[in-house]
Amino acid sequence: MEDVLKTRIKLLEESIVFKKRQLKNSQDQLDNLKNCKQPKTEDLYKGIENYFTVKNEAGKYEFILGGDGRSSAWSEQRSGKISTITLNKGVYLNVLQEKIVVEYVKEKYKSDKVIL
């Protein structure tokens, strides 16, 4: 009986440690977001390159070929130009703005793969 009690106590202590880590991560994300500003989409179009930097390099990447949801997707390794986008400090973009930036980088830098 004591073994069950000790095991339960140990599991609860581990759970508390895990949840404290999760809380710390959430607090850090919240603090970072409080220091960010989101540009208006119109402003993003006017000076799009003011909000991020791009690093281009040749390399290999995984290209997803297919999968219809009933079967697993398959992919292949391809070589090409990979562009990695890094948002400037203090910049937050919503999903639509991220798509705009990714498409812009694809077109401008003729990238095969864009990572944001």
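Bear in mind that the values in this text are calculations on the coordinates, not laboratory data. Since the model is a prediction, treat every value here as computed from it, not as a measurement. Methodologically, a virtual Cβ is constructed for each residue, glycine included, from the backbone with ideal geometry; neighbour enumeration extends over all protein chains shown.
Numbers below:
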| item | result |
| --- | --- |
| Diffusion coefficient, µm² s⁻¹, Stokes-Einstein with Kirkwood Rh over alpha-carbon pairs of region 60-116 at 4 °C and 1.567 mPa s | 99 µm²/s |
| Residues whose placed amide H lies under 5 Å from that of Gln38, excluding near-sequence neighbours | Tyr92 |
| Net charge contributed by nearby residues that have their C-beta within less than 14 Å of Ser15 (K/R +1, D/E -1) | +3 |
| Partners for Lys20 among lysines (Cα-Cα distance below 25 Å; same-chain residues under 8 apart left out) | Lys6, Lys10, Lys34 |
| Dipole moment magnitude, nearest 20 debye, the chain about Cα centre, only Lys, Arg, Asp, Glu C-beta charged | 200 debye |
| Local net charge near Ser75, Cβ-Cβ under 13 Å (Lys/Arg +1, Asp/Glu -1) | +1 |
| Euclidean distance of C-alpha centroids, region 55-104 and region 8-33, integer Å | 31 Å |
